[in-house]
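A quick write-up on the structure given underneath.
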Amino acid sequence: MKMQKIKKGDVVCIADFSYNKESFVRETVVETVGPRYITVKGSNVRFWADTLNSVQYSYRLFKGTKDECLEDIEKRKNMKDMLRTVTQYFEWGHPDFELVEETYNKIKNLEENKEK
């Protein structure tokens with residue numbers, strides 16, 4: 001997902017991604033945005049402005065409401081499951097050459113266009 005620019009007053013969520021599992025999601029509002037750090041109301045945790053990760057913990061900021069954040073987390077879980085299935089198929093499922101070549105070319109084109 002593309003990182004979105006966060007500014008003072010935006011609704012954001014703090015999500016805890018410790019142990020590769022979301023422990024909680026809390027909605028809040030951005031209090032300050034500086035060149036290095038972002039702070040939010042009701043928390044003494046600072047977040048790196050360039051990555052949106054917290055300075056000390058395994059927290060991450062998400063721009064949007066709690067419902068939007070939970071929906072994004074669910075999409076990411078589904079994506080991981082799909083990627084695992086695709087990877088297993090390509091490694092162990094005996095795909096035909098044309099399918100592998102087509103998939104490879106699509107990924108290569110995506111990467112080339114990302115660089116532009």
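Numbers for the structure displayed
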read-out: Gaussian network model of the chain, springs between alpha carbon atoms under 10 Å - residue of PHE97, PHE24, PHE47 with greatest fluctuation; value: PHE97
read-out: Gaussian network model of the chain, Cα within-10 Å springs - most flexible of LYS106, LYS77, LYS66; value: LYS106
read-out: C-alpha long axis of helix 97-115 to longest principal axis of the chain, angle in °; value: 30 degrees
read-out: Fluctuation leader among THR85, THR103, THR65 - the chain, Gaussian network, Cα springs under 10 angstrom; value: THR103
read-out: Angle in degrees between helix 66-92 and the longest Cα principal axis of the chain, rounded to the nearest 10; value: 20 degrees
read-out: Highest-first arrangement of 57-63, 32-38, where packing means the average Cβ count within 10 Å; value: 57-63, 32-38
read-out: Unit charges on C-beta of K, R, D, E only; dipole of the chain, Debye; value: 780 debye
read-out: Flagged links, alpha-carbon separation over 27 Å, of LYS5/LYS77; LYS80/LYS114; LYS7/LYS80; LYS8/LYS77; LYS63/LYS106; value: LYS7/LYS80; LYS8/LYS77; LYS63/LYS106
read-out: √(5λ) per eigenvalue of the Cα gyration tensor, the chain, largest first, Å; value: 35, 17, 11
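Throughout, read-outs are computed from the coordinates displayed, never taken from laboratory work. No experiment lies behind these values; they were computed from the predicted model shown. All Cβ positions, even for glycine, are placed from backbone atoms using ideal geometry, and neighbour counts span all protein chains on display.
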